[in-house]
Amino acid sequence: MTRGIALASLIAGLLINHDSNNGVSLVAGRYYFELSYGDQMEFYRESYLAGSKIKKIDFRSVLRIELPVRGKTYHKFRVPALAQTARVTWNASRSLVLAAVGERAFILTPEFHIVKAYANTEEVRWLTDTEIAASVETSGPVSKYDRHPYSINVRTDEYRRLP
């Protein structure tokens, strides 16, 4: 009886879709990240920086795997084919890392731990050690896709529109 239950559990586990990510997967430097939304968005929170269209996002389920050096592989793990590759840049003092992928910008520690994340940001780059510049979709009078340049202070979340 116990063997039957164990076998049924094993078979059910194999038949269930194990796409636990249901969110964002990316490679930044030598690290692979899976950032999960969860089944009912329970692992994902977003809010707008006050008075802006810039989203501050918080993933509460983060899988971070340090990838082996180039040319080596793990026995049972491969980066999924659909994982995006982030453009990684360091600030001038090398105290923070910016990983940009799609319309998301991730601020990382030098050890590649996520500190902050923003969405609705494109063409992201460092302005200073604590500020990034980003093109933000603002929904203007001509088109709902109008974009404008903004600066975001990654320490305080304060922003300003750039000329």
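The values are calculated or read from the model by the stated rules, or taken from the named source; none is laboratory data. The shown structure was predicted, so the numbers you read here are calculated from the model rather than taken from an experiment. In this analysis, Cβ positions are derived from the backbone assuming ideal geometry, glycine residues included, and neighbour counts consider all displayed protein chains.
When only residues in region 59-77 that are among the hydrophobic types (A, V, I, L, M, F, W, C) and part of a strand (DSSP E or B) count, which is surrounded by the most Cβ atoms within 10 Å (Cβ to Cβ)? I'd like the intermediate steps shown before the answer.
From region 59-77, those among the hydrophobic types (A, V, I, L, M, F, W, C) are 59, 62-63, 65, 67, 69, 77; that's our starting set.
Going one step further and asking which of them are part of a strand (DSSP E or B), we end up with 59, 62-63, 65.
Values: PHE59: 21, VAL62: 16, LEU63: 14, ILE65: 14.
The qualifying residue surrounded by the most Cβ atoms within 10 Å (Cβ to Cβ) is PHE59.
Could you list all residues from region 124-152 that are exposed (fewer than 15 other Cβ atoms within 10 Å of the Cβ) and not in a loop (DSSP other than H, G, I, E, B)?
ARG125, HIS148, PRO149
What pairs come up if the first residue lies in region 143-154 and is over 12 Å from LEU127 (Cα atoms), the second is loosely packed, with under 12 Cβ neighbours inside 10 Å and at pLDDT 95 or above, and their beta carbons are under 7 Å apart, counting only those six or more places apart or on different chains?
So the pair list comes out as HIS148/ARG161.
Given the criteria surrounded by 12 or more Cβ atoms within 10 Å (Cβ to Cβ) and closer than 17 Å to GLU34 by Cα, does ALA81 qualify?
Details: surrounded by 12 or more Cβ atoms within 10 Å (Cβ to Cβ): no; closer than 17 Å to GLU34 by Cα: yes.
When the stated conditions are applied, ALA81 does not pass them.
Would it be correct to say that PHE112 is in contact (Cβ under 8 Å) with a residue 12 or more places away in the chain and not in a strand (DSSP E or B)? Break it down into steps so the answer makes sense when it comes.
Numbers: in contact (Cβ under 8 Å) with a residue 12 or more places away in the chain: yes; not in a strand (DSSP E or B): yes.
Yes, satisfied.
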